[in-house]
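What follows is a set of notes on a single structure, which appears directly below.
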Amino acid sequence: MSLKGLLIDLDGSIYKGNTSLHYSREFIEFLRKVNIKFLFLTNNSTQLPMDYVNKLRNMDIETKEEEILTSGIATAIYLSSLKNVGNAYVIGEEALKKAIISVNWKVLEDADYVDAVVVGLDRSFNFEKLRKANYLIRNGAKFIATNPDKTFPMENRIDPGAGSLVAAVSAASEKKPIVIGKPSPYIGKIALSKLGLKSHEVGIVGDRLDTDILFGKRLKIKTFLVLTGISKREDMEKSKIKPDFVFENLEEMTMFLKGYLENKS
Ligand SMILES: [Mg+2]
């Protein structure tokens, strides 16, 4: 193993809701001290990197915007790789539209033709938006989904996620989307190029076998499961997706990395 960088999931790995998890601040400080590069990855397209910088700052974790990659930002980078300048119809919230505009694409409300229909979480989704997206995809627009998550867990209930809206558009248009967020390799390739590292030099830290660890396997990077979120030890025994390393929490992972670095030198 030659570990030079980590992709790090946020919810369930660094914090739960608005509360930081055990040792997450120390873990990030340790990575900085030993020069392991990192990038936080989140499938949430309704927030901008700045929002995460602020959220993490409230937990005493200091980060920069460049250290955060949301599915919205990754989608914008993907669009700009298709075409320098283009037009999109967006089912999504302000943060996603801002990300797309920031790469010189136009977000159009009423058009007969666009290059891409982008679907992310939109908490004011309605029939009219579904009708427009369907019309534009049937008229030749590429169908792009920020992330596949059908649900997302709130403090005391389960809400529909972007994937539920993507499913509606997919049913109407009879087309499958290009998915950008985890576990798709698209966001992974963008993340590796942001880190400037190759897959064998990178690992993923996450709390979900079916997204984070599966994503790591697809990207051929090392996988580190932390048992502080969704997946439990029992799930791991039942699952076909096996992480390379499993830790109770980030303190245990920090101890492991210390040992690894000492052995290497
Ligand atoms: Mg998570």
Based on this model, can you work out whether Val114 counts as touching a Leu at 6+ places or on another chain (Cβ under 9 Å), under 30 Å from Asn54 (Cα atoms), outside the structural domain of Gly196 (by TED's automatic domain parsing) and aliphatic (A, V, I, L, M)?
no
Of the listed residues (Leu10, Leu39), the one being in the same structural domain as Asn249 (by TED's automatic domain parsing), open to solvent by less than 10 Å² (accessible area, probe 1.4 Å), away from the ligand (no atom under 13 Å from the Cβ) and not hydroxyl-bearing (Ser, Thr, Tyr) is Leu39
Step by step: first the residues of segment 208-235, then only those that are away from the ligand (no atom under 13 Å from the Cβ) and not in a helix (DSSP H, G or I), then the one that is most open to solvent (accessible area, probe 1.4 Å). Which residue is that?
Lys220
Looking at (1) more than 16 Å from the ligand (Cβ to nearest atom); (2) open to solvent by 40 Å² or more (accessible area, probe 1.4 Å); (3) of a type in the set (D, E, K, R), which one does Glu201 not meet, given that it meets all the others?
(2)
Identify, please: which residue in segment 42-52 is open to solvent by 10 Å² or more (accessible area, probe 1.4 Å) and within 16 Å of Pro183 (Cα to Cα) and is, among those, farthest from the ligand (Cβ to nearest atom)?
Asn44
Among the residues of segment 113-141, the number that are open to solvent by less than 40 Å² (accessible area, probe 1.4 Å), of a type in the set (Gly, Ala, Ser) and assigned to a loop (DSSP other than H, G, I, E, B) is 2
Counting only residues that are more than 21 Å from the chain's Cα centre (by Cα) and of a type in the set (Lys, Arg), which one in segment 241-265 is surrounded by the most Cβ atoms within 10 Å (Cβ to Cβ)?
Lys258
Qualifying position, being within 16 Å of the ligand (Cβ to nearest atom) and outside the structural domain of Leu257 (by TED's automatic domain parsing), among Pro153, Pro160:
Pro153
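Would you be able to say whether some residue in segment 175-187 is within 16 Å of the ligand (Cβ to nearest atom), more than 27 Å from Asn84 (Cβ to Cβ), β-branched (Val, Ile, Thr) and out of contact with any His (no Cβ under 7 Å at 6 or more places or on another chain)? Before you say what the answer is, go through the steps one by one.
So in segment 175-187, the residues within 16 Å of the ligand (Cβ to nearest atom) come out as 181-184, 187.
The next check asks that each one be more than 27 Å from Asn84 (Cβ to Cβ); those that pass are 183.
Narrowing further to those that are β-branched (Val, Ile, Thr): none.
The answer is no; no qualifying residue exists.
So, in segment 13-36, of the ones that are open to solvent by 70 Å² or more (accessible area, probe 1.4 Å) and at pLDDT 95 or above, which residue ends up nearest to the ligand (Cβ to nearest atom)?
We begin by selecting, within segment 13-36, every residue open to solvent by 70 Å² or more (accessible area, probe 1.4 Å); these are 16, 18-19, 22, 25, 29, 32-33, 35.
Okay, now just the ones that are also at pLDDT 95 or above, so 22, 25, 29, 32-33, 35.
On the way: His22: 15, Arg25: 18, Glu29: 21, Arg32: 22, Lys33: 25, Asn35: 25 Å.
Looking at residues that are open to solvent by 70 Å² or more (accessible area, probe 1.4 Å) and at pLDDT 95 or above, I get His22.
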Taking Val169 and the conditions (1) crowded, with 16+ Cβ neighbours inside 10 Å; (2) modelled with pLDDT under 95; (3) outside any strand (DSSP E or B), which numbered condition does it fall short on, given that it satisfies the others?
(2)
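The values are calculated or read from the model by the stated rules, or taken from the named source; none is laboratory data. Small disclaimer: the values here were computed from a predicted structure and weren't measured. Cβ: placed from backbone, ideal geometry, glycine included. Neighbour counts: every protein chain shown. Just so you know, the surface numbers come from the protein's heavy atoms only, side chains and all, with ligands and any DNA or RNA stripped out. Shrake-Rupley method; radii C 1.70, N 1.55, O 1.52, S 1.80 Å.
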